[in-house]
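Provided herewith is a single structure, encoded as structure tokens, for subsequent inquiry.
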Amino acid sequence: IVEPDVSLSGTHTLEEAVEVNIKVQSELFKAMVDHGVYMSGTTLKSNMVNPGKGCSTFYSVQDIAMANLYVLRQSFPVAMKGNNYLSGGQTLQEAAARLNAINQLKEATDPWNLSFSWSAAIQLPLLKLSSHGELQ
């Protein structure tokens with residue numbers, strides 16, 4: 001399991017996030033190949049490409065989906081069959097809507113299974129409710 005995570009902290013734009021994610025993932029995958037990692041047996045759990053939480057520019061769910069697909073198409077090894085996105089500070093609603101859009105916009109030639117690994121996005125709302133005594 002490989003878990004590269006580029007933070008949502010900051011004011012970076014979606015375009016800047018795309019550039020950084022391509023660089024990070026390309027270097028990661030090169031290092032994995034250089035070290036003899038069996039790529040077909042690897043599970044990737046990466047961040048979803050998003051603008052920084054402090055970014056003032058609005059991006060639609062489709063904009064974010066297309067940015068994620070672009071990053072995958074530029075850097076994702078064909079030998080790796082899927083990615084289980086981390087929620088990375090997104091709400092469950094944001095993460096689910098964005099993953100749904102990514103999968104809807106994926107083309108037949110895109111070889112990946114794209115899913116989620118969102119324990120934080122799923123658990124945090126329940127923890128918040130239980131801390132206020134709302135779950136009994």
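The values are calculated or read from the model by the stated rules, or taken from the named source; none is laboratory data. As the structure is a prediction and not an experimental result, all values here were calculated from the model. When we count neighbours, we look across all protein chains shown, and the Cβ atoms used for this are built from the backbone with ideal geometry, even at glycine. Areas reflect the complete protein model, heavy atoms only, side chains present, ligands, DNA and RNA absent. Shrake-Rupley method; radii C 1.70, N 1.55, O 1.52, S 1.80 Å.
Using 5 Å bins from zero, what percent of all Cα-Cα pairs in region 1-43 falls into each bin?
Once binned at 5 Å, the Cα pair distances of region 1-43 give 5, 19, 26, 20, 13, 10, 6, 0.
Rolling a 1.4 angstrom probe over the protein heavy atoms, how many square angstrom per residue are accessible across the chain?
57
I would also like to ask the following. Express the carbon and sulfur contribution to the solvent-accessible surface of the chain as a percent, rounded to the nearest whole number, probe 1.4 angstrom.
56
Residues of region 41-67 with the amide nitrogen closer than 20 Å to a label point 7 Å from the Cα of Glu3, along Cα-to-Cβ, please.
Residues 41-50 qualify, since their backbone N sits under 20 Å from the label point.
Using the crude model of +1 on Lys and Arg Cβ and -1 on Asp and Glu Cβ, and no other charge, please compute the dipole size for the chain relative to its Cα centre, in debye to 20.
220
Considering lysine pairs in the chain that are 8 or more places apart or on different chains, how many have Cα atoms under 24 Å apart?
Lysine pairs, 8 or more places apart or on different chains, close enough: 11.
Turning to a different aspect of this structure: Looking only at Ala65, Ala95, Ala108, which one moves most when the chain is put into a Gaussian network model with springs between Cα atoms under 10 Å?
Ala108
Roughly how large, in nm² to one decimal, is the mean projection of the convex hull of the alpha-carbon atoms in the chain?
9.4
A further question follows. Just to be sure I understand: with springs between alpha-carbon atoms less than 10 Å apart, which residue in Ala101, Ala67, Ala31 has the highest mean-square fluctuation in the Gaussian network model of the chain?
Per the Cα network of the chain with a 10 Å cutoff, Ala31 tops the list.
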